[in-house]
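First comes the structure, then the notes that go with it.
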Amino acid sequence: MEPIILGEQGKSFFDNLKDHIIDLIQTLVVFGAIFTVIYLFVAQPHKVSGNSMLPTLHSSDYILTDKLSYRFGSPKRGEIIVLKNPRDESQDFIKRIIALSGDSVKIESGQVFVNDKALTETYLPKDLKTQSGAFLQAGQTVKAGQNQYFVLGDNRGHSSDSREWGGVTRQEIVGRAFFRYWPPQSFGLIKP
C-alpha cells in the first residue's frame, strides 16, 4: 500500500482540491451576486437590432444602458433611451426622446414641432423629412400626458415609434443608452 502524500498543513491532495473547489464556488457566487445587482439596477448591455436609429446607431452595435440615473433624475429631450416595446413588452426598442411630459408635438411639412417651435435635430441628415403616423397624423397637435414621453427613431422612414403608438410612460423606459462598446471603431460615449 502506497502512502498518502500530504499537502499543506497535513491535508491530503483530495482535501486540498476540495478546499480549492469550495473557494472557487464561493468566488463565483459573489461575482454572480455583484453582476446581478449591476444588471438589475445599474447598467445593462443591449445589442442594437434593426436600423431605426441610423445614422447614430447601427444594427449589431453593442451598448450599455444606464439604469440608475433615471431613478434620481428625469429623462431629457434628445437623450437616446432603451424602452419596452409598447406593443410587446418582451422586446426592447431604442429611440430618442423628442418631447417631455406636458409638451405638445406636431408634424407638419416633414418637420417636427415641439411646443410650436421647429425641433432642431443636428443628428439627422439635413434633407430628412419626418412623416406622420397612425397616432400622430400630419398637422395634428398631440400633448404628452403626465409622466409620458414622445420618442422617435433617427431613421424616420424605418422606425416604429410614437408616431404609430403614442407616448411611452416612465415605467416603460429601461434606461439611457450611454456607451457603445462594439464595434471597436465606434467605442465611446453616446452623445445626445
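The values are calculated or read from the model by the stated rules, or taken from the named source; none is laboratory data. Owing to the predicted nature of the structure, the values given are computational and were not obtained by experimental measurement. Backbone-built Cβ (ideal geometry, glycine too); neighbour counts: all protein chains shown. Ligands, DNA and RNA are stripped out before the accessible areas are found, and what is left, the full protein with its side chains, is counted by its heavy atoms. Shrake-Rupley method; radii C 1.70, N 1.55, O 1.52, S 1.80 Å.
Quick notes on this structure:
- Taken as a whole, the condition of being within 30 Å of GLN44 (Cα to Cα), at pLDDT below 95 and in contact with a Lys or Arg (Cβ under 9 Å, 6 or more places away or on another chain) does not apply to ASN85.
- Selection count where residues are within 17 Å of ASP61 (Cβ to Cβ) and of a type outside the set (Asp, Glu), scope region 92-111: 4
- Looking only at residues of region 93-144 that are under 18 Å from MET53 (Cα atoms) and of a type in the set (Val, Ile, Thr), we find that the one that is nearest to the chain's Cα centre (by Cα) is ILE94.
- From the list GLY133, GLY145, GLY153, the one residue that fits, being without any contact (Cβ under 8 Å) to a residue 40 or more places away in the chain and either more than 19 Å from HIS58 (Cβ to Cβ) or out of contact with any helix residue (DSSP H, G or I) (no Cβ under 6 Å at 6 or more places or on another chain) (or both), is GLY133.
Every residue, every condition in (1) loosely packed, with under 10 Cβ neighbours inside 10 Å; (2) modelled with pLDDT of 75 or more; (3) within 32 Å of the chain's Cα centre (by Cα), yes or no:
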residue	(1), (2), (3)
LEU6	no, no, no
LYS11	no, no, no
PHE14	no, yes, no
ASP19	no, yes, no
VAL37	no, no, yes
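- Odd one out for VAL48 among (1) without any contact (Cβ under 8 Å) to a residue 60 or more places away in the chain; (2) surrounded by 14 or more Cβ atoms within 10 Å (Cβ to Cβ); (3) more than 23 Å from SER186 (Cβ to Cβ): (3)
- Subset of region 151-175 that is outside any loop (DSSP other than H, G, I, E, B) and over 22 Å from ARG71 (Cβ atoms) - its residue that is most open to solvent (accessible area, probe 1.4 Å): HIS158
- Selection within region 34-82 - of a type in the set (Phe, Trp, Tyr) and in a strand (DSSP E or B): TYR62
- Filtered residue count, region 106-118, keeping only those that are open to solvent by less than 50 Å² (accessible area, probe 1.4 Å) and either in contact with a helix residue (DSSP H, G or I) (Cβ under 8 Å, 6 or more places away or on another chain) or over 15 Å from TYR149 (Cα atoms) (or both): 2
- The set of residues in region 81-124 being without any contact (Cβ under 8 Å) to a residue 24 or more places away in the chain and among the hydroxyl-bearing types (Ser, Thr, Tyr) consists of SER90, SER109, THR120, THR122.
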